[in-house]
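Engineer: The structure is given below, and queries will be raised subsequently.
We did not get these values from a lab; they are worked out from the coordinates using the rules stated. In this text, all values refer to a predicted model and were calculated from it rather than measured experimentally. Counting neighbours? That spans all protein chains shown, and the Cβs are built from the backbone with ideal geometry, glycine included.
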Amino acid sequence: MSRPLLLALGLCLFACKKEQPAPPAPAAAPAPVEVKGRRVDITASAAGFAPKEVTVQKGEATTLVFTRTTDDTCATEVVFPEIKLEKKLPLKQPVAVEVPVGEARTLAFQCGMGMYKSKVVIQ
Ligand SMILES: [Cu+2]
């Protein structure tokens, strides 16, 4: 074999080894959690809750599924002040919150310290 070819082969082996991708994280498959009605996933990350605003139809059973994706966030729990609901958000564990859809209103939700203002609009 010629030198350049060997070199190319060597480079390729090196490059290929380097590019070996880490086993892909399971794609955004819905995490197993008990859900009633429509499921709306909400992520709690360093940037707060996403989406920040969720619209829900009055009378349509809807469950918000919160998943905290990082330890680098204040949102280790979610609080719905108006309905006095608080749920701990363990890292990477989906937490279901059933939306009270009986009446049209806007419910705020936020982290335990009242930051990351977000809301669910029932209409
Ligand atoms: Cu906070």
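Engineer: Using θ = phi - 60° and the Karplus curve 6.51 cos²θ - 1.76 cosθ + 1.60, what whole-Hz ³J(HN,Hα) does each residue of region 117-122 get, with Gly and Pro shown as x?
Structural biologist: 4, 9, 7, 10, 9, 9
Engineer: Which net charge results when you count Lys and Arg as +1 and Asp and Glu as -1 among the other residues whose beta-carbon is under 11 Å from that of K117? Don't skip to the answer; put the middle values down first.
Structural biologist: On the way: positive: K52, K119; negative: E53.
Neighbour charge sum, excluding K117 itself: +1.
Engineer: Amide H neighbours of E77 under 5 Å, counting only residues 5+ apart in sequence or on other chains, H built in-plane at 1.01 Å?
Structural biologist: L89, G112
Engineer: Could you give the length gained by full extension between A61 and K84, i.e. 0.36 nm per residue of separation minus their alpha carbon distance, to one decimal place?
Structural biologist: Length difference between fully extended and current span is 6.3 nm.
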